[in-house]
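J.: Would you mind keeping the following structure in view while I ask a few things?
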Amino acid sequence: MSTALIILAAGQGTRMMSDLPKVLHQIAGAPLFAHAMASGAALLPEKTILIAGHGADEVRQAALDIDEDVEVILQEEQLGTGHAVAQARAALAGFEGNAFVLYGDTPFIQPETLERMAEARQHHDVVVLGFEAADPGRYGRLVMQGDVLERIVEFKDASDQERAITLCNSGVICADASVLFDLVSQVGNDNAAGEFYLTDIVAIASQAGLSATAVSCDEAETLGINSRAELARGEAAFQARARAEALDTGVTLIAADTVYFSHDTLIGRDAIIEPNVVFGPGVTVETGARIRAFSHLEGCHVSTGAIVGPYARLRPGAELANNARVGNFVEIKNAQIGEGAKVGHLSYIGDATLGDACNIGAGTITCNYDGVFKHHTEIGESAFIGSNTMLVAPVSVGDHALTASGAVITSDVPAEALAISRAKQVNKPGLGRRLMDKLKAAKAAQKKV
Ligand code: UD1
Ligand code: MG
């Protein structure tokens, strides 16, 4: 059965107090709507439609950056959830299969929950995702008769008796696409809010002799983000789950509560993550690697047996081969670090390739940027770069070559050569002592005045 996702994301999000459209606020390094898309991805959707309104241009750009097949449709006026779904009609003309309606501001719906809805769809025309609310507040209420869902009543329109119902509407709905659009076209706006309620399709379906039911999920999955406080709670919930998953799959987290994951962080079994490590997007850490305390990683790959940090920064394009070492106060960007290579202390390695088993002395800098262009540095296998070497790119140092400490390397160093590039040292006998005495005398004279 084919699936289409319709993700509603047109709302303004006034309570975020933000210039940014609500669904572009991030949890775990990905915009809110991308989390909804990721939940739906488990259903292998043939089509994904995002309904945008406020900040539609920015939302469209962000959506296409993530998946260029997403269709973003503008809902010019936000006349209600039913009206929002109706905007997807033309984009889904000719589509045959299930349509799932998700909210772009509700990031935690689990893929298994959607799969359970798809199963329920085999026996019912309309399937709504409900949850038992600890505090039902202003949610829409599901009016059930056995396992038949008769209708959904919005809080504003509900009687006291209906408000006493604790089974609430999450907003996620699944129906055959053509049935969904047919039902939505019959929705009116004669209600307390004057909106076209998507929820009205349930009563319309019942009257037409179609069957509707509810599948329930844990309330935590339905957490919608409407304010910065909820965004912070959502981030905390994501992190708690990511930490638990890492521990369950055999990753050691020495102080789990201080490690921050991104939506796509992948860490292998028996990796050890020390306290206060932050994973930005796009990180993979292979089995048995160790990330030491206070390191920040994004867009990088750390292979088996490699050790990173403490206090290291791996930026996009950093690729560490097996058993590589990157030590304290080292920054690596767009660079391949060979097997067993060591960059131990206080270095910047950018736009570079480092051969296997090379050793980079403390304070080495790849001078990769001339103010306009970026240039590449190539360092051979088992090369030894002396402390405080400046490698002015483009430049290469051959296999088994050495650079003397303090060198400024502006031309290529052949394999096995030693490059020395610094002023010759001169010792002036006694001059150090005489200079110091003179300075002390000058200070004493100043104090007397
Ligand atoms: C909706 C449901 C309610 C449910 C609750 C769960 C309706 C009528 N009510 O109420 O039963 O308990 O969600 O959170 O559906 N949106 C658009 N265009 C619009 C209107 C809304 O894209 O014209 C989007 C919003 O950006 C949001 C989602 O749809 O992502 C839900 O809209 P919202 O206004 O929050 O609906 P609720 O009143 O919370
Ligand atoms: Mg809402």
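J.: How many residues does the range 131-179 contain that are over 27 Å from A86 (Cα atoms) and aromatic (F, W, Y)?
T.: Residues meeting the conditions: 0.
J.: Another one. Look at A324 and say whether it is among the aliphatic types (A, V, I, L, M) and under 20 Å from F279 (Cβ atoms).
T.: Taking the combined requirement at face value, the residue satisfies it.
J.: Look at L198 and say whether it is in contact with a strand residue (DSSP E or B) (Cβ under 7 Å, 6 or more places away or on another chain), open to solvent by less than 40 Å² (accessible area, probe 1.4 Å) and more than 9 Å from ligand 1 (Cβ to nearest atom).
T.: no
J.: Which members of the range 230-252 meet the condition of being within 16 Å of ligand 1 (Cβ to nearest atom) and either open to solvent by 50 Å² or more (accessible area, probe 1.4 Å) or in contact with an Asp or Glu (Cβ under 8 Å, 6 or more places away or on another chain) (or both)?
T.: Residue satisfying the conditions is R233 alone.
Residue-by-condition table, conditions (1) within 16 Å of ligand 2 (Cβ to nearest atom); (2) open to solvent by 50 Å² or more (accessible area, probe 1.4 Å):
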site: V70; (1), (2): no, no
site: A91; (1), (2): no, no
site: V101; (1), (2): yes, no
site: R116; (1), (2): no, yes
site: R121; (1), (2): no, no
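J.: Scan (1) in contact with a His (Cβ under 9 Å, 6 or more places away or on another chain); (2) open to solvent by less than 50 Å² (accessible area, probe 1.4 Å); (3) closer than 21 Å to V283 by Cβ for the single condition F329 breaks and write down its number.
T.: Tallying (1) in contact with a His (Cβ under 9 Å, 6 or more places away or on another chain); (2) open to solvent by less than 50 Å² (accessible area, probe 1.4 Å); (3) closer than 21 Å to V283 by Cβ, F329 fails exactly one: (2).
J.: Only one residue in V179, V148 is away from ligand 1 (no atom under 15 Å from the Cβ), over 21 Å from L102 (Cα atoms), in the same structural domain as A120 (by TED's automatic domain parsing) and touching a residue at least 24 places away in the same chain (Cβ under 8 Å), so which one is that?
T.: Step by step, each of V179, V148 is checked, and only V148 is away from ligand 1 (no atom under 15 Å from the Cβ), over 21 Å from L102 (Cα atoms), in the same structural domain as A120 (by TED's automatic domain parsing) and touching a residue at least 24 places away in the same chain (Cβ under 8 Å).
J.: With respect to G224, is the statement that it is over 21 Å from E96 (Cα atoms), within 10 Å of ligand 1 (Cβ to nearest atom) and not acidic (D, E) true?
T.: yes
Each row is one residue, and each column tells you yes or no for (1) open to solvent by less than 50 Å² (accessible area, probe 1.4 Å); (2) in contact with a Ser or Thr (Cβ under 7 Å, 6 or more places away or on another chain); (3) in a strand (DSSP E or B); (4) assigned by TED's automatic domain parsing to the domain that holds V285.
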| site | (1), (2), (3), (4) |
| --- | --- |
| E319 | no, no, yes, yes |
| Q336 | no, yes, yes, yes |
| T353 | yes, no, yes, yes |
| T366 | yes, yes, yes, yes |
| S382 | yes, no, no, yes |
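J.: Pick out the one residue from A208, A220, A192, A293 that is open to solvent by less than 60 Å² (accessible area, probe 1.4 Å) and either of a type outside the set (D, E) or in the same structural domain as A177 (by TED's automatic domain parsing) (or both).
T.: A293
J.: Another question, if that's okay. If you take the residues in the range 253-265 that are aliphatic (A, V, I, L, M) and surrounded by fewer than 16 Cβ atoms within 10 Å (Cβ to Cβ), which one is nearest to A306 (Cα to Cα)?
T.: I254
J.: So, in the range 82-116, exactly how many residues are part of a helix (DSSP H, G or I) and within 15 Å of ligand 1 (Cβ to nearest atom)?
T.: Summing the residues that are part of a helix (DSSP H, G or I) and within 15 Å of ligand 1 (Cβ to nearest atom) in the range 82-116 gives 7.
J.: Checking A28 against (1) more than 16 Å from ligand 2 (Cβ to nearest atom); (2) in contact with a His (Cβ under 8 Å, 6 or more places away or on another chain); (3) open to solvent by 20 Å² or more (accessible area, probe 1.4 Å), which single condition isn't satisfied?
T.: Single failed check for A28: (3).
The values are calculated or read from the model by the stated rules, or taken from the named source; none is laboratory data. Please read these numbers as outputs of a predicted model, since none were measured by experiment. Cβ atoms come from the backbone with ideal geometry, glycine included; neighbour counts cover every protein chain shown. Please note that ligands, DNA and RNA were not included when accessible areas were found on the heavy atoms of the full protein model with its side chains. Shrake-Rupley method; radii C 1.70, N 1.55, O 1.52, S 1.80 Å.
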